[in-house]
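Attaching a single structure in structure tokens format; questions to follow.
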Amino acid sequence: MKIKDDLIEKIKPYIKDYECYLVGGYLREYFLNHGSIDRDITIKCSNLENLARKISDESGGSFVVLDSENEIYRIVFGNEYIDFARLENDSLEFDTDRRDFTINSIMYDINNDKIIDKNNGIEDIKNKIIRTKNLKNLSDDPLRMLRAIRFKAETGFRVDKDITDFIKENNKLLNNTAPERIHQELLKIFEGEFLIDSLFLADEVKILEIIFPFFKEIKKIPKNSHHHLDLFHHSIETVKNIRINKPLLKIAAFLHDLGKPECWTIEEETNRHRFIGHDDIGSKKVIPYLKNLKFSNKEIEYISKLIKYHIYPSSLMANPDVTDRAKIRFVKKIGEDTIDLIELSRADRLSARGEAVSDEMVENNLSNLDKLLNFYYEIQPKLKTLPKLIDGNKIMELLDIKPSKKLKEIIDEINERQLEGLINTKEDAVNFVLSLKN
């Protein structure tokens, strides 16, 4: 069997004298009829770095050292790349058996155009199951327990019971894994087509609480008159209702109510469950957890921001007399994350359908969010192209004031009046500033 791949053909003349195999994700995706931009080659070579550098230099690639100690090197060709690693113990059988899952242990003998599948990975792909040759492979690298969840999220495959039983008994081993690696797996999980089933599996094997310990408290919040689901299932349902495939948005949706356990009260007379301030509490509480998992500052800021303001769109539009000015302030405050925040608010509304919530309330809420989204689309181009009619120096000169909070408020007011069509020229702007003298 010959696998046709332009990049492999490109480097083939350089590796024709070596025992080498195409391995891992490329072959898994190949048999799933999916494409892949990365190729992993394991090769029996005494000086792999020199070989990889030579291939890179002579074939127009860019050479990258991924792990000098374990001799792992990458050659980048545009948006595609090939990773080279030494054949484990210089043994094909050893290398094959130590791989995480059978679906990733398929090998292709490049120089002999031959598929090698001693662990029946192709059959497991057909049967849609994630198995391992040896459970020791999971304890050797505990991240593989989370990778099992990730592959389920990506493929929808069933995870073998031996693996799930192992994870239940050994999930704490994940604490020994570098948080950077957990971070990367989480992003892939939350991008997966079969995310929801994977979250339930992660909960079943108790790995979810290892990564996000606060879910122990979240699970204590029951359903109530405004929520037809307990808080844990509400969190998952909110993720399910997100239509935009952004992993960070879905993570924010999953964590949007993590502040509720700290401010949970029940009114004696009405038995109503209240969670006053949970948005602000949650936005602060999530930060150290995300830092520990090595999320970037930008990622943390985005998730924390969406949690902090997830109620804002609905509460803003609940006012029947909401003004364009109020909507403009909303758009300016949330900025480029406006669409994502409205999407989170929409998903949250759809996931809270308790007995006190009528269909009419839901429909009105969704309709209002659609109106807010349309307003954003209309106003955003104007915000980007808003002409500067007067600068801060001129305002300070006219009012005889110094740089201050008041100056910023005046500039913001002028901008809002421009968007409303109340100030259209430099003369209008000057006259408005002069009117503030009185």
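Scanning for something assigned to a helix (DSSP H, G or I), in contact (Cβ under 8 Å) with a residue 12 or more places away in the chain and of a type in the set (A, V, I, L, M), does segment 151-158 turn up at least one residue? Spell out the reasoning first.
Start the filter on segment 151-158 by keeping residues that are assigned to a helix (DSSP H, G or I), which leaves 151-155.
Those still in the list that are in contact (Cβ under 8 Å) with a residue 12 or more places away in the chain too: 151-155.
Keeping just the survivors that are of a type in the set (A, V, I, L, M) gives 153.
Yes: segment 151-158 contains one or more residues that are assigned to a helix (DSSP H, G or I), in contact (Cβ under 8 Å) with a residue 12 or more places away in the chain and of a type in the set (A, V, I, L, M).
Here is a check on your reading of the model: is I276 part of a helix (DSSP H, G or I), without any contact (Cβ under 8 Å) to a residue 24 or more places away in the chain and either over 22 Å from the mean Cα position of the chain (by Cα) or buried (at least 17 other Cβ atoms within 10 Å of the Cβ) (or both)?
Values: part of a helix (DSSP H, G or I): no; without any contact (Cβ under 8 Å) to a residue 24 or more places away in the chain: yes; either over 22 Å from the mean Cα position of the chain (by Cα) or buried (at least 17 other Cβ atoms within 10 Å of the Cβ) (or both): yes.
When the stated conditions are applied, I276 does not pass them.
Next question, about the same structure. Among the residues that make up segment 44-57, is at least one of them touching a Lys or Arg at 6+ places or on another chain (Cβ under 7 Å), of a type outside the set (A, V, I, L, M, F, W, C) and at pLDDT 90 or above?
No.
So, one more: Of all residues in segment 293-311, which are surrounded by fewer than 18 Cβ atoms within 10 Å (Cβ to Cβ) and without any contact (Cβ under 8 Å) to a residue 24 or more places away in the chain?
S296, N297, K298, E301
Yes or no: N120 outside the structural domain of Y289 (by TED's automatic domain parsing) and at positive phi? Spell out how you get there, then give the answer.
Working: outside the structural domain of Y289 (by TED's automatic domain parsing): yes; at positive phi: yes.
So N120 fits the description; yes.
Conditions first: (1) more than 18 Å from the chain's Cα centre (by Cα); (2) surrounded by 16 or more Cβ atoms within 10 Å (Cβ to Cβ). K152 passes all but one, so which condition is the exception?
Of the numbered conditions (1) more than 18 Å from the chain's Cα centre (by Cα); (2) surrounded by 16 or more Cβ atoms within 10 Å (Cβ to Cβ), the odd one out for K152 is (1).
E397 is checked against (1) part of a helix (DSSP H, G or I); (2) in the same structural domain as K305 (by TED's automatic domain parsing) and fails just one. What number does that condition carry?
That leaves (2) as the condition not met.
Which condition number does L32 fail, the rest of (1) under 28 Å from K136 (Cα atoms); (2) touching a Lys or Arg at 6+ places or on another chain (Cβ under 9 Å); (3) hydrophobic (A, V, I, L, M, F, W, C); (4) surrounded by fewer than 18 Cβ atoms within 10 Å (Cβ to Cβ) being met?
(2)
For segment 330-362: of the residues being touching a residue at least 24 places away in the same chain (Cβ under 8 Å) and among the acidic types (D, E), which is surrounded by the fewest Cβ atoms within 10 Å (Cβ to Cβ)?
Here the residue is E355.
Then there's this: Of the conditions (1) in a loop (DSSP other than H, G, I, E, B); (2) within 18 Å of S351 (Cβ to Cβ); (3) of a type in the set (A, V, I, L, M, F, W, C), A252 clears all except one; give me its number.
(1)
Across segment 398-438, which residue is surrounded by the fewest Cβ atoms within 10 Å (Cβ to Cβ) among those that are among the β-branched types (V, I, T) and within 39 Å of the chain's Cα centre (by Cα)? Talk me through it step by step, then tell me what you get.
Residues of segment 398-438 that are among the β-branched types (V, I, T), as a first pass: 401, 410-411, 414, 423, 425, 430, 433.
Now narrow it down to the ones that are within 39 Å of the chain's Cα centre (by Cα): 410-411, 414.
Values: I410: 21, I411: 16, I414: 21.
Restricting to residues being among the β-branched types (V, I, T) and within 39 Å of the chain's Cα centre (by Cα), the top hit is I411.
Follow-up. Under 7 Å between Cβ atoms, at least 6 apart or on separate chains: pull out the pairs that start in segment 86-115 with a residue that is at positive phi and end on any residue that is charged (D, E, K, R).
D90/K44; D113/K2
Would you be able to say whether some residue in segment 263-273 is outside the structural domain of E180 (by TED's automatic domain parsing), surrounded by 13 or more Cβ atoms within 10 Å (Cβ to Cβ), in a helix (DSSP H, G or I) and touching a strand residue (DSSP E or B) at 6+ places or on another chain (Cβ under 9 Å)? Quick ask: steps written out before the conclusion?
Of all residues in segment 263-273, those outside the structural domain of E180 (by TED's automatic domain parsing) come to 263-273.
Filter again for surrounded by 13 or more Cβ atoms within 10 Å (Cβ to Cβ), leaving 263-264, 272-273.
Subset that is in a helix (DSSP H, G or I): 263.
Filter again for touching a strand residue (DSSP E or B) at 6+ places or on another chain (Cβ under 9 Å), leaving 263.
Yes, segment 263-273 has at least one match.
The values are calculated or read from the model by the stated rules, or taken from the named source; none is laboratory data. Since the structure is predicted, the reported quantities are computational estimates derived from the model, not experimental observations. Virtual Cβ from ideal backbone geometry, glycine too; neighbours counted across all protein chains shown.
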